[in-house]
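The values are calculated or read from the model by the stated rules, or taken from the named source; none is laboratory data. Model, not experiment: these values are computed from the prediction. Here the Cβ positions follow ideal geometry from the backbone for every residue, glycine too, while neighbour counts run over all protein chains shown. Just the protein is used for accessible areas: all its heavy atoms, side chains included, with ligands, DNA and RNA removed. Shrake-Rupley method; radii C 1.70, N 1.55, O 1.52, S 1.80 Å.
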Amino acid sequence: MSTSRNRLAEGGRIERTKTLAFTFNGRRYTGFEGDTLASALLANGVKALARSFKYHRPRGLYSAGVEEPNAVVQLENGARTRPNLQATEIELYDGLSAKSVNCWPSVEFDIGAINSLAARLLPAGFYYKTFMWPKSFWMTYEKVIRNAAGLGTAPKLPDPDTYDKMHEHADVLVVGGGPSGLAAALAAGRSGARVILADQEGELGGRMLSENETIDGKPAMQWVEDATRELTAMDDVRILTRTTAFGYYDQNYLGLLERRHINVARPLPHSSERLWRVRARQVVLATGAIERPLVFANNDRPGVMLAGALRSYVTRYGVSPGKKTVIFTNNDDAYRSALALDDAGISVAAVVDLRNDPDGPLVDAVRARDISVFDGWAITAVIGKMAVKAVEISELSADSENVSGPAKRIDCDVVGSSGGWNPVVHLHSQSGGKARFDETIQSFVPGPSVQKEQSAGACAGTFSLKDCLKSGHDVGKAAAKLAGFTPSRHKQPVADTVFEAPLQALWIVPSSNLDNRAKGFGAKHFVDIHSDVSVADIELAAREGYHSVEHVKRYTALGMGPDQGKTGNIPGMAVLGQALGQPIAEVGTTTFRPPFTPVTYGALAGRDIGEFSDPARKTAMHHWHEAAGALFEDVGQWKRPWYYPKPGETMQDALNRECLAARNAIGILDASTLGKIDIQGPDAAEFINRIYTNAWIKLGVGKCRYGLMLGEDAMVMDDGVTARLGDNHFHMTTTTGNAARVLGWLEEWLQTEWPELQVYCNSVTEYWSTMTICGPRAGDLMAEFTTDIDLDKEAFPFMSFREGTVGGIPARVFRISFTGELSYEINVPANMGLALWTALMNAGEKYGITPYGTETMHILRAEKGYIIVGQETDGTMTPLDLGMDWIVSKKKDFIGRRSLSRADCVREGRKQLVGLLTTNPAEVLPEGAQLVADLKPAPPMDMIGHVTSSYYSATLGRSIALAVVKDGRNRMGETIHAPMEDKTMDCEIVDPVFFDKEGSRIDG
Amino acid sequence: MFLINCPWCGERDEEEFAYGGEAHIVRPKDPDALNDEEWADYLFMRKNTKGNYLERWNHAHGCRRWFNMQRNTATHEFGAVYKIGEKPPK
């Protein structure tokens, strides 16, 4: 393609017959199948890809992998847009559209670059120092910073894709499909173990995709393909590509993210991403290594890249990173890049090696090609702003701390920098292992295993291909054996031995135009290129007293951002160590936390969204309520009818109508959601007696009693009515939202404290459909429906229950009331609920039967001063606070009794339940309103309580409220105030029972 | 996520379990014999050990049984799992 000016004539694992068109920052380009967005941009000669985080310096492609700090893009638009993706990790597809996240208004002209001129104003910790005062300005600052920092934009539309999860078990999980991982998977798979091999790339091979190596006498990628074929043929081996093991949790539990799409803009017939939750007996980490950059002046200019990335682009993608290259290294491996570039016909102007007299086959091979090797030299300046134009190199003093001669200029457009390789110890560290500093490779390697994991190959600090293969093979066998399998006798794969001389550490390369110790030195020596952290920033942090690496990280932003410091962390720790005069081993690493690379919220949520996020529980009468136009309220997981508006009615109109019907005719409530627990056993009465505050032993069969349950701290936990069905058989009801908690509470006491009690508890909530009919005509309707239950007030008194038939359906009928009216709570088998409900509605029409919802239920019970647990109580209310001393037995022990006499429970000034009547009867207090006795013109004021329930009562023709108020019972008749933003409501403290104080209506 | 060895059901994922805090807190036989401070000690005070800790777990979404387990709160290494009423391992 003519547009791809940097595409090599041949080579690379790309499909040159498949041209893909894409746009980047609004411009159109083409690439090939097999490209990443990064390689395609490089092939098109796009140099500046982004602006830096803080100084808005132009930045170009830096790497070829997950460590990429600069080429961070926003992929696609609209609902499927994805922010903060690394161009190196995006496989190119036709029609791709991406833009830089960090370059407003454009990469070429960036208004934020003014920061670059004002760099002295943006030192380490500048956020903390600059944006502190006044506090209210932070909102303004934040907006400006967010825009300038450009961290991508979250999609604003609902995600149209689906995500799913898989739960999997493995004998051996191998993370990484490079030579070590493949050798390990083969060794484990051949033993018959269940193996999962996961690799983040679309193709297995790892580093071999970027090298020209030989394994078992054949080209390395041929060996990779053979190994893949053998693994694929094994029944118990699962290969997951495009799958990143991002988190290592307790007991060998790992999270893997599989990307099942390449084109994120296109809808898929299946999930777009899949979260694998894998529990493995043994884990083999073969996660490889990431190259470490050298830290020199202006080492962030577009064109400065990692040396290993240069040969990745040449070998894997058939792309020339530039026309003329300088390699800057402290090790032998970078010489491979010089050779690969030279092989591809790309000019290598020089290899600049910090070491004196490097020696070995790789060095010799480079020298043999007439490539100049400057040993004992360093790059001491980079020339060019939007792109590298040249470098200055200088000979170093004997201690490497200064330049010792005049600088020499070499024109070039690409610099490949290598300071050695860092093992990817992230997962080992997440597993609880403590990484150890290795002097030879000047980096961290895995320490002793804490969980059942072993590292193999480069991530264990073993870099030569030959050793990686051996390490993978050995560790794979060992893991299989530990998982209980007998390893096969297959030989390990082999590669040639290539001698490499040790590297030489130099963490801060001197500069040709500034004295090493001069003020301002190091300001452009970038350590963390993503977060714009320089040597000077870290030294400043150290001078200001930040000595812990964790503090320096937070103060400077070292190692933060989407790349999480994959290139910058180790140099940063080394520079900090130098500033503090400590060896790196003592500086230590920051904590490696999941995820290794970003994970979408979609994948974490999976299918558990929308209606699947929480189950909805519906009663047997649910569809009737829907057809009647009910609006619903969520109570726990239950959908309860809230109220039933008729056409043209406001909410208050509907509530007034429902309330008056219940008081003057008949109301009917679906109470199926009440928790119901069946309690049986010879010790059932004794058990309930210990659970509730009142006495239960002598309750007669056929009787009901209201009970209050406390925590051991004497705070009200739940309430409800329990009926004695037989000597050893009780039916307990709980509040709708607390049913599971109460059952758990009963079980806890039975199992852990009173195992000697013979009692069995079972949830029977769903077994019964429950409906309550209440009101003066309820008895008339009831009489039409039963022949075998004597409804006479003496024969079937309040607070008792009868078994019989209602409308021909076997039923348990309770004469209990939450409204103060004559009430029958009818329980029938759940599947008969709708039939009975419908029959009651039809027959009740002549009495004016009216269905009511939870809101009317709340109003009716508030008129009677009945509490609702969770509304009048909040975990700090005792029965005495609620004025319910009458239900607290003085003669027996029960859970929470001792705490009732704790000093704090009997002190003066506790909040007590009271009623409130507003001075203006039409005003309804807002629930939650704070109450004050001494009204002041403005806050602060002493708050003495708050409104817990508040309604307009149609029965009383005025508003009513319940509240908890300090010493409320001693303040009866006092006027207090509820100050609000725009007005203050005055109210009088009254008794909490507003209606029928004498209880005259209970028998109809 | 922990893999917890329920003494009744075997190894299950942590999400099936509910945590029950420190084990072997004995409920005083005669609460009235205790002064407020002693009662508060039973009620509120827990060891919060860094290291080996004996604690209660409930297989809430499984067999609903309570049991005791030894767990190292720093390393999440698990020791003995034993039933309610059994003595902790030495």
J(HN,Hα) series, segment A:276-286, from Karplus relation 6.51 cos²θ - 1.76 cosθ + 1.60, nearest Hz, glycine and proline x: 9, 10, 10, 10, 10, 5, 9, 10, 10, 9, 10
Local electrostatic count at A:Val388 - Lys and Arg +1, Asp and Glu -1, tallied over other residues with Cβ under 10 Å: +3
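Kindly provide the helix-only [θ] at 222 nm of chain A, computed as the sum of -39,500 (n - 2.57) over DSSP H runs of four or more divided by all residues, to the nearest 500 deg cm²/dmol?
That calculation yields -6000 deg cm²/dmol at 222 nm.
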Simple spin-label estimate for B:Met45 and A:Asp996 in nanometres, 7 Å along Cα-Cβ: 5.1
In sequence order, calculated HN-Hα J values of segment A:997-1004 (Karplus, 6.51, -1.76, 1.60; Hz; x Gly/Pro): 4, 7, x, 7, 9, 5, 9, x
Gain upon complete extension [A:Thr787, A:Ser613; 0.36 nm per residue less C-alpha separation]: 58.0 nm
Rounded tilt (10° steps) of A:138-149 against the dominant C-alpha axis of chain A: 40
Summed buried accessible surface, chains A and B, 1.4 Å probe, nearest 100 Å²: 2300
FRET efficiency, 1/(1 + (r/R0)^6) with R0 60 Å, evaluated for A:Leu482 and A:Asn728 via beta carbons: 0.65
Loop-located chymotrypsin sites (Phe, Trp or Tyr not before Pro) in segment A:778-846 whose Cβ has at most 15 other Cβ within 10 Å (DSSP): A:Phe798
The protein assembly as shown - accessible surface per residue (Å², probe 1.4 Å): 42
Residue-level accessible surface for A:Ser97, protein heavy atoms, 1.4 Å, Å²: 30
Estimated distance in nm for a label pair at B:Glu16 and A:Glu633, the labels positioned 7 Å out from Cα along Cα-to-Cβ: 3.7
Chain lengthening between A:Glu753 and A:Ala740 when straightened (0.36 nm per residue, less Cα-Cα): 2.7 nm
Additional length obtainable on full extension of the chain from A:Ala154 to A:Ile887, 0.36 nm per residue less Cα span: 258.3 nm
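Using a 1.4 Å probe over the heavy atoms of the protein chains, calculate the carbon and sulfur portion of the accessible area of segment A:625-887 as a whole percent.
The value for segment A:625-887 is 53 percent carbon and sulfur by accessible area.
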Total formal charge among the other residues, if their Cβ is under 12 angstrom from that of A:Arg898, Lys/Arg +1 and Asp/Glu -1: -3
Degrees between helix A:651-664 axis and first principal axis of chain A (Cα, 0 to 90, nearest 10): 30
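Sum up the charges of everything whose Cβ sits under 14 Å from the Cβ of A:Thr650, counting Lys and Arg as +1 and Asp and Glu as -1, but leave A:Thr650 out. Let's see the in-between values first.
Working: positive: A:Lys646, A:Arg657; negative: A:Glu649, A:Asp653, A:Glu658, A:Glu855.
Neighbour charge sum, excluding A:Thr650 itself: -2.
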Helix A:854-863 axis, angle to chain A major axis (alpha carbon atoms, nearest 10°): 50
Theoretical FRET efficiency, 1/(1+(r/R0)^6), r = Cβ-Cβ of A:Lys646 and B:Ala33, R0 41 Å, to 0.05: 0.05
FRET efficiency for A:His623 and A:Ala695, using Cβ-Cβ distance with R0 set to 45 Å, rounded to 0.05: 0.55
Cα-projected label distance for A:Thr876 with A:Tyr767, points at 7 Å along beta-carbon direction, nm: 4.0
